[in-house]
Amino acid sequence: DRVKPFPSDIAIRTIQDELKVPLEDAFATFNPESLAAASIGQVHDATLKKGEKVVIKVQRPKIEQLMHTDIDIMYYFAKLLQAHYPEVSKFINPIDIVKEFERYTEAELNYMLEAKHIEHFYRNFQNHPNIKIPKPYLNLSTRRIVVMEKIEGIPILDIRRDPKYDKRLINNILTDSIMKQVFIDGYFHADPHPGNIFVLGKDRIAFLDFGIVGIIDEKLKENITKLFIGMIQGNLDIMAE
């Protein structure tokens, strides 16, 4: 989450190309200086015509071609590994691992899909007192840009040396939210690194960046629940089953 940003004129051009209107027709204000830059895109401050504070996540230029090239290289090495080290294939399948990476990378490169993920999480946590999900703006989101409510907070690791935060409480809220996602919703944030979790106050956190999510069907949810119960009880038979 600390990658060198690309020039703001490219970001502006991308936004205008995607929305098919001049920037000033879609937003009341736009900050050309990026708030943050990561591997696939960067984020800019903006204000909507009705005054809502938002951020615009803009995809890096030519990132799709670059990622496909990288994946081709990974396939090349996976095939070499499988051909020259057959003993490795007894434990893992290198080509299948690259296929899995390719599958979720394709999804992560489609910001419209991410906007729909945000909407799903927003509904799931809309009335939760301790979890904040940014409101998405699907009408302003496309394959290469996603617009969402601006979250005012600090990255979760920044509270470590701040005595005003109850770390145990924040940890419990985070753990409970993951439990809800996995065991109740069956729809979970699959990229929860510290840069994607913000603390908004003494007892509230926010999730950001929904490019990668996991979906659990009812049967798998039931099995994970049994596994969890088996772990708590120390019951090896339940865990093995």
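Within segment 70-114, which residues are open to solvent by 70 Å² or more (accessible area, probe 1.4 Å), under 23 Å from the mean Cα position of the chain (by Cα) and of a type in the set (Ser, Thr, Tyr)?
TYR104
With the requirement that a residue be assigned to a strand (DSSP E or B), polar (S, T, N, Q) and within 22 Å of VAL3 (Cβ to Cβ), what does segment 37-63 give you?
The answer is GLN42, GLN59.
Among the residues of segment 20-62, write down those that are in contact with a Leu (Cβ under 7 Å, 6 or more places away or on another chain), surrounded by fewer than 19 Cβ atoms within 10 Å (Cβ to Cβ) and touching a residue at least 40 places away in the same chain (Cβ under 8 Å).
Across segment 20-62, the qualifying residue is only ASP45.
Within segment 146-164, can one find any residue that is open to solvent by 40 Å² or more (accessible area, probe 1.4 Å), of a type outside the set (Val, Ile, Thr) and in contact with an Asp or Glu (Cβ under 8 Å, 6 or more places away or on another chain)?
Within segment 146-164, one or more residues are open to solvent by 40 Å² or more (accessible area, probe 1.4 Å), of a type outside the set (Val, Ile, Thr) and in contact with an Asp or Glu (Cβ under 8 Å, 6 or more places away or on another chain).
For segment 111-170, which positions are in a strand (DSSP E or B) and either more than 16 Å from VAL55 (Cα to Cα) or modelled with pLDDT under 95 (or both)?
Listed by number, the residues that qualify are ILE131, ILE154, PRO155.
The values are calculated or read from the model by the stated rules, or taken from the named source; none is laboratory data. Keep in mind the model is a prediction, meaning the values are calculated, not measured. When we count neighbours, we look across all protein chains shown, and the Cβ atoms used for this are built from the backbone with ideal geometry, even at glycine. Each accessible area value is taken on the protein alone, full model and side chains, heavy atoms only, with ligands, DNA and RNA left out. Shrake-Rupley method; radii C 1.70, N 1.55, O 1.52, S 1.80 Å.
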